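The values are calculated or read from the model by the stated rules, or taken from the named source; none is laboratory data. Note that the structure is a prediction, hence the values are computed from the model and not measured. Here the Cβ positions follow ideal geometry from the backbone for every residue, glycine too, while neighbour counts run over all protein chains shown.
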Amino acid sequence: MAAADRLELVVVRHGLTSWNQERRYQGQRDIPLLLPEALPDLDRLREALAESGFDAVHASDLTRCRQTLAHIREGSTWASHPEAPRFDRRLRELDFGDYEGCTWEALKDDPDYRAWVDSRGMRATPGGESADDLWARLSDWLDEVLAEARAHGHRRVLAVSHGGAIRELSRRLEGADFWAGVVGQAQGRRFVFTHGEEGWQCGCSSAVPAPASVTS
């Protein structure tokens, strides 16, 4: 198979959970989807990706991402792909440490929490990770995805991950503002990479699913 010189990497966030609804920091807690409330958003995502024809599929190993992937695979053209999805701890959400399970309301007057928010993730959470820690494992995973694309001719790859991970990818790959990279549940970004003399470069990204004004 010819080496790939262009890759679409579609990275989507898991569906709604009870902790999303309660605005709690989930981090690496293994919280399942909130069903049936999560289904409308998941159905829209499944419809948007049904005909995409992914060459490889990755996901965070946490339950909410496994459930999201299982739902969006149903009835898709890529559900019967011979290569099994790969579940990877490196795609997990930022480890929020002591803040996991807490709400903004409970933390808002804590000076350490305020300092962490003001740092835009550059400080590590107490007992958790910094944005640099998150990027270290995401970039390690991304390097493998891009190397496989080049070696095996992959043109389109799917990953089911978390909001913080997608925000960090947007920030590092395209220089997006820290807060601008936020995506909703069962939404994500389609990153387009091209390979040239300087290796892989991310040239642009777009919303997944596409906004209604774009698809209509």
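Values as computed for the structure displayed
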{"quantity": "Selection within the stretch 50-65 - among the acidic types (Asp, Glu) and touching a residue at least 60 places away in the same chain (Cβ under 8 Å)", "calculated": "55"}
{"quantity": "Any hit, the stretch 106-123, residues being on the phi < 0 side of the Ramachandran plot and touching a residue at least 24 places away in the same chain (Cβ under 8 Å)", "calculated": "no"}
{"quantity": "Members of the stretch 14-49 found to be assigned to a helix (DSSP H, G or I), of a type in the set (Gly, Ala, Ser) and touching a residue at least 40 places away in the same chain (Cβ under 8 Å), listed by number", "calculated": "48"}
{"quantity": "Verdict on residue 121 being in contact with a strand residue (DSSP E or B) (Cβ under 7 Å, 6 or more places away or on another chain), within 26 Å of residue 11 (Cβ to Cβ) and not aromatic (Phe, Trp, Tyr)", "calculated": "no"}
{"quantity": "Condition met for residue 123 (in contact with a Ser or Thr (Cβ under 9 Å, 6 or more places away or on another chain), more than 20 Å from residue 20 (Cα to Cα) and not polar (S, T, N, Q))", "calculated": "yes"}
{"quantity": "Some residue of the stretch 132-151 being in contact with a Ser or Thr (Cβ under 9 Å, 6 or more places away or on another chain) and within 17 Å of residue 57 (Cα to Cα)", "calculated": "yes"}
{"quantity": "Those residues of the stretch 53-65 which are in contact with a strand residue (DSSP E or B) (Cβ under 8 Å, 6 or more places away or on another chain), crowded, with 20+ Cβ neighbours inside 10 Å, of a type outside the set (Gly, Ala, Ser) and within 19 Å of residue 92 (Cβ to Cβ), in sequence order", "calculated": "57, 58, 64, 65"}
{"quantity": "Residue satisfying condition, being touching a Phe, Trp or Tyr at 6+ places or on another chain (Cβ under 9 Å), farther than 19 Å from residue 24 by Cβ, at pLDDT 95 or above and not hydroxyl-bearing (Ser, Thr, Tyr), within set 124, 136", "calculated": "124"}
{"quantity": "Candidate set: the stretch 21-60, residues that are among the polar types (S, T, N, Q) and over 15 Å from the mean Cα position of the chain (by Cα); chosen: the one modelled with the lowest pLDDT", "calculated": "52"}
{"quantity": "Residue among 68, 17 that alone is over 26 Å from residue 146 (Cα atoms) and surrounded by 19 or more Cβ atoms within 10 Å (Cβ to Cβ)", "calculated": "17"}
{"quantity": "Pairs, first farther than 23 Å from residue 182 by Cα in the stretch 139-164, second surrounded by fewer than 24 Cβ atoms within 10 Å (Cβ to Cβ) and of a type in the set (Asp, Glu), C-beta under 7 Å, six or more apart", "calculated": "154/55; 154/148; 155/8; 155/55"}
{"quantity": "Residues that are within 16 Å of residue 31 (Cα to Cα) and either surrounded by fewer than 12 Cβ atoms within 10 Å (Cβ to Cβ) or under 19 Å from the mean Cα position of the chain (by Cα) (or both), drawn from the stretch 95-110", "calculated": "95, 96, 100"}
{"quantity": "Of residues in the stretch 79-94 being surrounded by 20 or more Cβ atoms within 10 Å (Cβ to Cβ) and out of contact with any strand residue (DSSP E or B) (no Cβ under 7 Å at 6 or more places or on another chain), the one nearest to residue 157 (Cα to Cα)", "calculated": "92"}
{"quantity": "Members of the stretch 186-198 that are more than 27 Å from residue 65 (Cα to Cα) and in contact (Cβ under 8 Å) with a residue 12 or more places away in the chain", "calculated": "194, 195, 196"}
